[in-house]
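See below for the structure under consideration.
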Ligand SMILES: [Zn+2]
C-alpha cells in the first residue's frame, strides 16, 4: 500500500514533468514498486519545474520570515534552489563534493554568519542534507529551515532535530516479486532506465 500526503495539484505537477511515474516498476534492487521517481526530469522541463518551485517558494514565504541565502547541494538541486532563491528575492549558494567531502563551492562572498534555507530535490535518508548542514555550521551559517520537493520518508527523517518541509510526502513501498500485488494482477512491468521499454 502506498500512502500519499500533500495535495493533488502537486502530484499532478510532478506527473506533468514526468518526474513521478505511476505503474509497475522493477527497481534496481530487484524489488517491484507502484511508483518511480525520475528526478532528473524535474530540471528537464523548466516551465513545469517553475510551477512546482512557485508552490515551494509560497510555502517558504509563509513559514520562514528571515533568511539571506538559499543553499542547495550540487547538481540536481542547483536549478531548483536557484529558481526558488530568485522567486524569494534571496541570494543563492551551492555545496559540492570535493574529494568525497561536501563543501561550499568557493567564491560565495557573503555566506559566513548569514541565515540560510536548505533546498534539496528529494529526501530519502537525509544523508546529503546532513552534509550540507555540517558545511553551513562550519561557516557559522544559521539554518532557518530545510525544504525538499519530495519527502520519500514521509516525515520520518528530521534534519537538525527539526521537521523537513516538503511539497509532497510519499512513502513508497517496494515488494519482493513473489508477493507483488501488481504481478498478482498480471500488470506488465517496466524497468526504468532501460529505455522505458516494457520487459
Ligand atoms: Zn510486480
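The values are calculated or read from the model by the stated rules, or taken from the named source; none is laboratory data. The structure displayed is predicted, hence computed values, not measured ones. Note that each Cβ is placed from the backbone with ideal geometry, even for glycine, and that neighbours are counted across all protein chains shown.
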May I ask you to list the residues in segment 7-27 that are touching a residue at least 60 places away in the same chain (Cβ under 8 Å) and within 16 Å of the ligand (Cβ to nearest atom)? 21, 23, 24, 25, 26, 27
Can you tell me which residue is surrounded by the fewest Cβ atoms within 10 Å (Cβ to Cβ) among those in segment 57-71 that are within 23 Å of residue 140 (Cβ to Cβ) and free of Cβ contacts under 8 Å to residues at least 60 places away in the same chain? 65
In segment 156-186, which residue that is away from the ligand (no atom under 16 Å from the Cβ) and in contact (Cβ under 8 Å) with a residue 60 or more places away in the chain is surrounded by the fewest Cβ atoms within 10 Å (Cβ to Cβ)? 171
So residue 147 fits all but one of (1) at pLDDT 95 or above; (2) more than 26 Å from residue 7 (Cα to Cα); (3) assigned to a strand (DSSP E or B); what number is the exception? (2)
Boolean, residue 154 is modelled with pLDDT of 95 or more and touching a strand residue (DSSP E or B) at 6+ places or on another chain (Cβ under 9 Å): no
Taking segment 77-100 and keeping only residues that are in a helix (DSSP H, G or I), within 18 Å of residue 143 (Cβ to Cβ) and over 17 Å from the mean Cα position of the chain (by Cα), one is left with 88
Return the residues of segment 61-76 that are touching a helix residue (DSSP H, G or I) at 6+ places or on another chain (Cβ under 9 Å), in a helix (DSSP H, G or I) and at pLDDT 95 or above; say none if nothing qualifies. 61
Can you tell me which residues in segment 28-50 are near the ligand (Cβ under 10 Å from one of its atoms) and in a loop (DSSP other than H, G, I, E, B)? 31
Test residue 97 against the criterion of being within 18 Å of residue 79 (Cβ to Cβ) and at pLDDT below 90, and give yes or no. no
Of the residues 103, 125, which is more than 16 Å from the ligand (Cβ to nearest atom) and part of a loop (DSSP other than H, G, I, E, B)? 125
Looking at (1) modelled with pLDDT of 90 or more; (2) in a helix (DSSP H, G or I); (3) under 19 Å from the mean Cα position of the chain (by Cα), which one does residue 10 not meet, given that it meets all the others? (1)
Is there a residue in segment 19-36 that is modelled with pLDDT of 85 or more, more than 30 Å from residue 106 (Cβ to Cβ) and out of contact with any strand residue (DSSP E or B) (no Cβ under 7 Å at 6 or more places or on another chain)? yes
